[in-house]
1. Taking into account only those residues within region 177-204 that are part of a loop (DSSP other than H, G, I, E, B) and out of contact with any helix residue (DSSP H, G or I) (no Cβ under 9 Å at 6 or more places or on another chain), which is nearest to the ligand (Cβ to nearest atom)?
2. Among the residues of region 205-215, how many are within 12 Å of the ligand (Cβ to nearest atom), open to solvent by less than 10 Å² (accessible area, probe 1.4 Å) and not hydroxyl-bearing (Ser, Thr, Tyr)?
3. Quick check on region 13-30. Is at least one of its residues in contact with a Lys or Arg (Cβ under 7 Å, 6 or more places away or on another chain) and over 30 Å from ARG181 (Cα atoms)?
4. Among VAL54, VAL66, VAL38, which is the only one that is within 25 Å of LEU209 (Cβ to Cβ), out of contact with any strand residue (DSSP E or B) (no Cβ under 9 Å at 6 or more places or on another chain) and either polar (S, T, N, Q) or at pLDDT 95 or above (or both)?
5. Evaluate the following for THR218: is it at pLDDT 95 or above, open to solvent by 30 Å² or more (accessible area, probe 1.4 Å) and not basic (Lys, Arg)?
6. Hand me the list of strands (runs of 3 or more DSSP E) wholly inside region 85-176 holding 1 or more residues that are open to solvent by 10 Å² or more (accessible area, probe 1.4 Å).
7. Identify all residues within region 73-84 that are part of a strand (DSSP E or B) and within 24 Å of SER39 (Cβ to Cβ); write none if there are none.
8. Is it fair to say ALA314 is assigned to a loop (DSSP other than H, G, I, E, B) and open to solvent by less than 20 Å² (accessible area, probe 1.4 Å)?
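The values are calculated or read from the model by the stated rules, or taken from the named source; none is laboratory data. Only a predicted model underlies this, so the values are computations on that prediction, with no experimental measurement involved. Cβ: placed from backbone, ideal geometry, glycine included. Neighbour counts: every protein chain shown. Keep in mind that these areas ignore ligands, DNA and RNA; they rest on the heavy atoms of the full protein, side chains included. Shrake-Rupley method; radii C 1.70, N 1.55, O 1.52, S 1.80 Å.
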Amino acid sequence: MVGASLACLLAKKGVSVALIDAGDPMASWPETTYDLRVSALTLASINLFKSLGVWADVVELGEQAVEKMFVWDHFGSGELDIDSADAGEMQMGAVVENRITVLATWKKLQQLDSCDVFTSSQLDNFNVDDDGVDIGLSNGSNIRAALLVGADGSNSKIRQLSGISDYGWEYQQKALVATVRPEKSHQNTAWQRFLPEGPLALLPLRDGLISIVWTSKTETTEDSLKLSDSDFCEALAEASDHQLGNFELIGARGAFPLKLQFSPEYSQQRMVLIGDAIHTIHPLAGQGANLGLKDAVTLSSVILQAHQKGRDIASEQVLRRYERQRKGDNLLMMGIMDGFKRLFGADDMLVQFARSTGMGLVNSSTLIKNQICKYAMGL
Ligand SMILES: Cc1cc2nc3c(=O)[nH]c(=O)nc-3n(C[C@H](O)[C@H](O)[C@H](O)COP(=O)(O)OP(=O)(O)OC[C@H]3O[C@@H](n4cnc5c(N)ncnc54)[C@H](O)[C@@H]3O)c2cc1C
């Protein structure tokens, strides 16, 4: 998602780009199937896709606007309800299946003359010299470029080959993902309940469905995966406080181990990292892809400035400018997500009481709620 968006941003302005992906975007799928991987995209990300001419295709393939957010705690009566209308916006974002965002972006890339796309092609190695970088693919072919951008996810091979260190920790948690049909309408609302082992998010999806991201200890998630469909739906109804009634499971369930990971070094000679390759955060507020898209916007802007002036797009000055502009925001979001995870995971009675009271106080302040809403919109 992040690498293809950067390629689009650059190729649209005439910069010659080669996009190399180990995978191949799905070109079509049976109408009644849903991707287990979905992203809540902020208004800022939607605006990016609109500016790239990608959003119309996303809408055609299917997206779901998020107008409200309702957050509540298993302990006490703490709750928070936020309405984008109060902040003067029609929606705070949208939930889109990842395969839809990827396909719409790739469709746009194929229309751009200055982008060559290499699918089912793995980057195997690279060698940097003063004038450029030689990139070796696993099929034996080579590409010579001025700059190599590593947008290859949290297990980034480019980061590993470059020797850039990564830091962080495993949360010893897994996120269980599934698509369900709720008994009651989702009301275009993103629901999130903080449970003792982690948050349960119920994201509104197209066709009246819900995409769940249910974070628990690894063993609990493994047990939930083994439940029969009906027992799982019953457990889900219970965990969500019956807010949306009962559920019917649509398709399979999946799970992802969660970790926090970051690299303090964003670039080296003629090589730079973006997206999950540089920061992987807890998905509790659905911000990972949105952060990566902000990296793509900033990197494209510094590259384009250099390109328009006929300067080297991979100079240390250019890459450092990108790092300076993004590091603060990335670290802040990482810290907030990690802090939330700890605050809502605490089982100390005093912390639980403070948390519940705090949510109540925030909920009574329109000013603070509007600020949270703007932050959630990525504005
Ligand atoms: C359960 C869960 C829910 C989430 N929900 C949200 C959400 O609601 N909102 C949100 O903003 N974020 C969310 N995230 C985070 C989001 O999924 C990631 O931040 C995002 O996918 C990162 O995008 P990326 O393009 O940087 O990396 P990836 O999506 O990991 O893409 C990496 C790409 O690199 C390619 N690649 C890897 N190695 C090679 C190689 N050697 N050669 C060539 N290609 C290679 C892969 O094929 C892939 O296409 C969630 C994460 C999880 C786990």
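1. Only one residue tops the list, namely ASN188.
2. We begin by selecting, within region 205-215, every residue within 12 Å of the ligand (Cβ to nearest atom); these are 205, 211-215.
Imposing the further condition that a residue be open to solvent by less than 10 Å² (accessible area, probe 1.4 Å) reduces the set to 205, 211-212, 215.
Retained after the next criterion (residues that are not hydroxyl-bearing (Ser, Thr, Tyr)): 205, 212.
Number of matching residues: 2.
3. No: zero hits.
4. Step by step, each of VAL54, VAL66, VAL38 is checked, and only VAL54 is within 25 Å of LEU209 (Cβ to Cβ), out of contact with any strand residue (DSSP E or B) (no Cβ under 9 Å at 6 or more places or on another chain) and either polar (S, T, N, Q) or at pLDDT 95 or above (or both).
5. For THR218, the condition - at pLDDT 95 or above, open to solvent by 30 Å² or more (accessible area, probe 1.4 Å) and not basic (Lys, Arg) - is met.
6. Because the criterion is at least 1 residues that are open to solvent by 10 Å² or more (accessible area, probe 1.4 Å), the strands (runs of 3 or more DSSP E) in region 85-176 that meet it are 115-118, 123-128, 133-137, 142-145, 148-150.
7. LEU80, ASP81, ILE82, ASP83
8. On the way: assigned to a loop (DSSP other than H, G, I, E, B): yes; open to solvent by less than 20 Å² (accessible area, probe 1.4 Å): yes.
Yes: the conditions hold for ALA314.
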